[in-house]
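Worksheet: one structure, shown below.
The values are calculated or read from the model by the stated rules, or taken from the named source; none is laboratory data. Computed from a predicted model, the values in this text were never measured in an experiment. Cβ placement follows ideal geometry from the backbone for every residue including glycine, while neighbour counts extend to all protein chains displayed.
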Amino acid sequence: MNVSANKFSLLRQNGKTTRYVAVAFGILAITLLSLSVLSFLGAKNVQENYNSLVSEALVKLDIINTLNHNEDATYNAALAHLSSNDPLLKHAYEQQIALNIQKSDSSILLLSGLLQENENAALLEQFIQERNRFNQQLNTLLTYSRQGRDQKAHLFNNEIMTPAFQAHQKFLSGLSDNVRETMRRNGNETIGAISHAVNVYGMALLLALGATLVAATLVQRVFRRLKRDNELLSLEIQERQLLEDALSESQRQYKMLFDNNPIPMWLFDQHTYNFLEINEAALKEYGFTREEFLSSTILDIRPKKDIPHLLLKLTQADKWATASGNWQHMRKDGSVFPVETRSHAMPVHGEIHPRLVTAVNIEDRLRAIDMLERSEKQLREVSSSIPGAVFQMQQTNATSYAFTFISDGIEALSGLTPEDILANPQTLFKTIHRHDLVKLGQALEVSYQSLTPLLIEYRQWQPLENKWRWIRGHGLPTLRENKTIIWNGTLIDITHQKEAQDKLANSEANLRALLDSSPQAIYLLDKDLNVVLYNAVAAQEVRQHLLKKLEVGESILNFISSELKDEIIQNHEKAMQGDTILYESGRGDYWHEIAFRPVLSSSKDVLAVSLSILDISEQKQVLETIKRNESQLARAQQLAQLGNWEYDIKRDIMSWPDDAYKIFGVSKETFRPTFHNFMLLIHPADREQVQAEFNKAIAEKSLIQVEHRIVMPNKSERVLFEIGEVYCDDEGNAVKISGSVQDITARKQAEKDVREAKNLLQSTLENIPEIIFSADSNFELTYISPQCYELTGYYEEELLQDTDLWWGMMFEEDRSLLLEQILPTLYAGQRQQCELRITRRDGEVKWLMFRLSPLRNEDGLVIRIDGSASDMTQYKEAETKRKELTDELLKQNQNLQQFAYIVSHNLRAPIANILGLTSIYNKQAPDDLINHTVIDNLYKSANLLDATIRDLNDILTVRSELTKVREEIHFQDMYEDILSSIEDHVTGADFEIDFNFNEAPTVTTVRSYIHSIMQNLITNAFKYRCPTRKLQLKLKTFLLPNYICLSVSDNGLGIDLEKEKEKVFGLYKRFHPKTEGKGIGLHLVKTQAELLGGKVEVESQPNIGTTFSIYFKN
């Protein structure tokens, strides 16, 4: 914006307006010369002041605009510094930043002298402080950029620098707005001053009314013109400032977009072809520095052979049109690469006509297209040569699909032509095996939904061969823009591969079955003691004893204790030298038979070592139990020996390795292994069976599995296990049998020993008085010994089949204890012991002592719980009896203490009175008046002493009646008897009695006790009733576990239990002194209830009532 031009234009307009004013006042010069001169001078002064204010405001705005421009330049230079990797450019940007900061400091200094208003000066001070912080942050950003810490620098710029720049720009914009606002305010004040002057001089101009009217009209026109010009000037300044801000922001964004664009871009002059600007992507792509680019032309990045054609195109092209095309460009190192260019003309700037160019390296794209074309060609060649077909299938939804292409190879797979399948895809799917068709549909659904490769093997009917063929389908899905899924893939015939895999799997299964059938743990070790192969027994023993998982490749030393490692290493070295080592190892109850055997090649080279470990602990224990004079269990068992053999059916030749000769006990030099000779070694009784098994396997092409005996040269017999697989030629004729033989004599003997040991263990379990059981991790039984019937009344089969029966026998609170406390501790691996109650089938309650032990797997999880349960009912009953006796002794002790207190306290007082009175009795003068008083008092003390002795006698009588015969007592009969006996005492009383004995109508106990308890409670209810309300007395009985409860409630005076709770049942304790009573009734109630094995509870509130609950043992 050219603010100065507008300013002088406005001054010229104001001068013209002044001349109008001068003409107007010239008309009045004759009559009011002096007044006119003064008016003229005043108007001129106002004009000068206004012009001065406007000029000063424009200067301030010009300085602010310059400052804004410098700040933008500083920030843009900082961004360029951040995006540049050239140290020289970074240094140049830093010099530029320093120069801009210096210019900004000069502008701020100049602006400080012009801004005298407090508000503007404060705002400028805030801007200076914000700018100082921004400059500090700018130095930090430049430091990160110089150090090459680009990521941190960009993060610092985005999170700190940009907000700081926007903040101090906001202060600068606010300062500009304040200056414009001040200018408008001063203009309005100037207009106000002019209006005031007009009003003052108007009074004087009344002398010449006509001339004054003319002058006033002209002056008013001047005022309107000045006001309109002022408003127009303010609007123009504001609009131009907004345009400048928008232009500055647009330039900054364009600069950032140009510099940071990942596509190479540059500006060049269409007249001179010189580069005007270049971005970072172009510098990286072409290898030139910025200075080299800016000092060259667009012809310098083209191969020399392309320059004439380029010049021709540039000469003929429209300089304002948008252009695009593919060209060859050249890097600084001379390498040429293809690019795709697009260019747009930019506005002319003086003599420069710039054009913006983008250049995309399409070398990878062209290479990919070329590779795609070659791949397509190769695909066509491969599709015609592979044993299968190439297809393309599309699917628009889960149920709609069609083939868009399928090669001719499909006819050999399915007997269908490509045309048939393209016309109707169902014809192909109808040839797929119905079981595999479901899997194919699922695989297509998964691939369709997740865009994952389709890979499936299925069977397809080949009508020409009349057989099922195995097909492997593979397809890669692609999602098209119309949401259609396209699969490109192949269908390969893998029938022969499947057949070979089946044969290999059978061989591996035979070998694995042979290894796993051995009762010993077998490990195949390489020369470095690493596990190459192992059988199921080995894996199970490692998992069971070490809680680890055996993996191929691990060192066997990882599973051996430290004290045995040296021995293992030495034996392994001997075996690697060809020696066989066989020995037993163990101590106490744990013994193993260990064998190191070299695995030899056909050339007798040691390939590996076979380590076999047989747990003979149980055999040793059984044999020691049966025959303690046998010193070694190993004499009765031998390691399982394994040998491979091969039988050529046509040539009747058998191939045996050395192990097979050893197993059969024959010499390699003297024995010729033919099938006939082999049959001669078999026990005569087993020959027919073995011959039949071989004939059956050859006829049915099936697996041979047979156990038989052989007769050794020393006439001894051994048991062997033979397993073999029949191999056929291409015509399906059996030509060879490959198999293995294993000496299982030791295993057979061990099985016999184990059966005997198991029978011994079962006999032992059946004769011990405890239940032995095993349960799974949910504590559901998997085994329980026969003693369960004696303790629970249920047979083994019932408890094992019905899991709820096992849990249902337990008391609910004991079951909760087991679930919430015992089992969680067991799952943590700790043994537990607990006492639980069960209910037998016949309803009898038994106490059992459970001893539980967890068994955990290699992951530390409990997989089994072993335990025992013994009957401790008699012990618990004795314990309960001891507890009852102890409680009874404690109660008797308390009663004795209380009795002693009564004797020492209640008897002492009357006796002391009697002794005192007898001491003052006048024996010399019987008629003395004092003697009459003494005798009266002696009578009172004797009566008191008699009452105390009677009370003690009643208490002792209560305790002595406990031995009386217990009988069935009806509560209602007892209640009616008591009510009849106290009828005279309650006559005239206002009362209402409610009783309900239906739930528990009778109790078996001592009649006198029940009578005393009910009479005391009923009479107390009448005795301590509230005088202001009707007595409401309620009696009720109900059943509780092990108890019959009698509840007696009234609405009488009540007892303050907070104060008197511990004294309620005390002897001679009274709580209502105004009411007649001795204080022994409640004591008798409690004593009698406890002597009957029950208890008493009380609930009471003053002036509300009392409830007594008496619990009788049921």
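If the condition is being in contact (Cβ under 8 Å) with a residue 40 or more places away in the chain and aliphatic (A, V, I, L, M), then segment 695-739 contributes Ala697, Ile698, Leu703, Ile710, Met712, Leu720, Ile723, Ala734, Val735, Ile737. Scanning segment 791-814 for residues that are free of Cβ contacts under 8 Å to residues at least 12 places away in the same chain and either assigned to a strand (DSSP E or B) or charged (D, E, K, R) (or both) turns up Glu797, Glu798, Asp802, Asp804, Glu812, Glu813. Search segment 622-657 for residues being aliphatic (A, V, I, L, M) and modelled with pLDDT of 80 or more, and hand back the single one that is surrounded by the fewest Cβ atoms within 10 Å (Cβ to Cβ). My answer is Ile653. Does segment 539-548 include one or more residues that are of a type in the set (Lys, Arg), surrounded by 14 or more Cβ atoms within 10 Å (Cβ to Cβ) and modelled with pLDDT of 85 or more? No, every residue in segment 539-548 fails to be of a type in the set (Lys, Arg), surrounded by 14 or more Cβ atoms within 10 Å (Cβ to Cβ) and modelled with pLDDT of 85 or more.
For segment 529-538, the criterion of being crowded, with 18+ Cβ neighbours inside 10 Å, among the aromatic types (Phe, Trp, Tyr) and without any contact (Cβ under 8 Å) to a residue 24 or more places away in the chain is met by at least one residue. The strands (runs of 3 or more DSSP E) found wholly in segment 308-363 and carrying at least 3 residues that are in contact (Cβ under 8 Å) with a residue 40 or more places away in the chain occupy 354-361. Set side by side, the residues Asp333, Asp306, Asp300 differ, and just one is loosely packed, with under 15 Cβ neighbours inside 10 Å and among the acidic types (Asp, Glu), which is Asp333. Residues of segment 266-300 that are touching a strand residue (DSSP E or B) at 6+ places or on another chain (Cβ under 9 Å) and assigned to a helix (DSSP H, G or I): Ala281, Ala282, Glu285, Tyr286, Arg290, Phe293, Leu294, Ile298, Asp300. Across segment 349-389, the number of residues qualifying as over 23 Å from Pro262 (Cβ atoms), of a type in the set (A, V, I, L, M, F, W, C) and modelled with pLDDT of 85 or more comes to 1. Restricting Leu476, Leu491 to residues that are surrounded by fewer than 15 Cβ atoms within 10 Å (Cβ to Cβ), modelled with pLDDT of 80 or more, of a type outside the set (Ser, Thr, Tyr) and assigned to a strand (DSSP E or B) narrows the list to Leu476. Looking across segment 808-826, the residues that are loosely packed, with under 15 Cβ neighbours inside 10 Å and more than 18 Å from Lys876 (Cα to Cα) come down to Gly808, Glu812, Ser816, Leu819, Glu820, Gln821, Pro824, Thr825.
Here's the yes/no breakdown for (1) assigned to a strand (DSSP E or B); (2) loosely packed, with under 15 Cβ neighbours inside 10 Å; (3) in contact with a Cys (Cβ under 9 Å, 6 or more places away or on another chain):
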{"position": "Glu693", "(1), (2), (3)": "no, no, no"}
{"position": "Ile698", "(1), (2), (3)": "no, no, no"}
{"position": "Ile710", "(1), (2), (3)": "yes, no, no"}
{"position": "Lys715", "(1), (2), (3)": "no, yes, no"}
{"position": "Glu725", "(1), (2), (3)": "yes, no, no"}
{"position": "Glu731", "(1), (2), (3)": "no, yes, no"}
{"position": "Gln749", "(1), (2), (3)": "no, no, no"}
{"position": "Asp753", "(1), (2), (3)": "no, no, no"}
{"position": "Leu760", "(1), (2), (3)": "no, yes, no"}
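Taken over segment 977-1008, the criterion of being closer than 20 Å to Lys1113 by Cβ, in contact (Cβ under 8 Å) with a residue 40 or more places away in the chain and touching a Phe, Trp or Tyr at 6+ places or on another chain (Cβ under 9 Å) is satisfied by Phe997, Glu999, Ala1000, Val1003, Thr1005. Annotation note: of Glu465, Glu457, Glu499, the sole residue that is surrounded by fewer than 16 Cβ atoms within 10 Å (Cβ to Cβ), charged (D, E, K, R) and assigned by TED's automatic domain parsing to the domain that holds Glu411 is Glu465. Comparison of Leu557, Leu550, Leu524 shows that the only residue that is assigned to a strand (DSSP E or B) and not assigned by TED's automatic domain parsing to the domain that holds Ser447 is Leu524. Ile471 meets each of the listed conditions (1) of a type outside the set (D, E, K, R); (2) surrounded by fewer than 16 Cβ atoms within 10 Å (Cβ to Cβ); (3) more than 39 Å from the chain's Cα centre (by Cα) apart from (2). Pairs are defined by a Cβ separation below 6 Å, a sequence spacing of at least 6 or placement on different chains, a first member in segment 868-888 that is in contact (Cβ under 8 Å) with a residue 12 or more places away in the chain, and a second member that is assigned to a helix (DSSP H, G or I) and among the aliphatic types (A, V, I, L, M); the pairs so defined are Asp871/Leu791. The residues on offer are His154, His168, and the sole one that is modelled with pLDDT of 75 or more, assigned by TED's automatic domain parsing to the domain that holds Ile63 and surrounded by 14 or more Cβ atoms within 10 Å (Cβ to Cβ) is His154.
Number of residues in segment 328-356 that are more than 19 Å from Phe288 (Cα to Cα), of a type outside the set (Ser, Thr, Tyr) and within 57 Å of the chain's Cα centre (by Cα): the value is 3.
Would segment 512-523 turn up any residue that is small (Gly, Ala, Ser), closer than 30 Å to Leu454 by Cα, surrounded by 16 or more Cβ atoms within 10 Å (Cβ to Cβ) and touching a strand residue (DSSP E or B) at 6+ places or on another chain (Cβ under 6 Å)? No; the residues of segment 512-523 include none that is small (Gly, Ala, Ser), closer than 30 Å to Leu454 by Cα, surrounded by 16 or more Cβ atoms within 10 Å (Cβ to Cβ) and touching a strand residue (DSSP E or B) at 6+ places or on another chain (Cβ under 6 Å).
If you go through segment 591-622, how many residues are of a type in the set (Lys, Arg) and closer than 12 Å to Leu525 by Cβ? Steps first, please.
Initially, segment 591-622 is screened for residues of a type in the set (Lys, Arg), giving 597, 604, 620.
If we keep only those that are closer than 12 Å to Leu525 by Cβ as well, we get 597.
The qualifying residues number 1.
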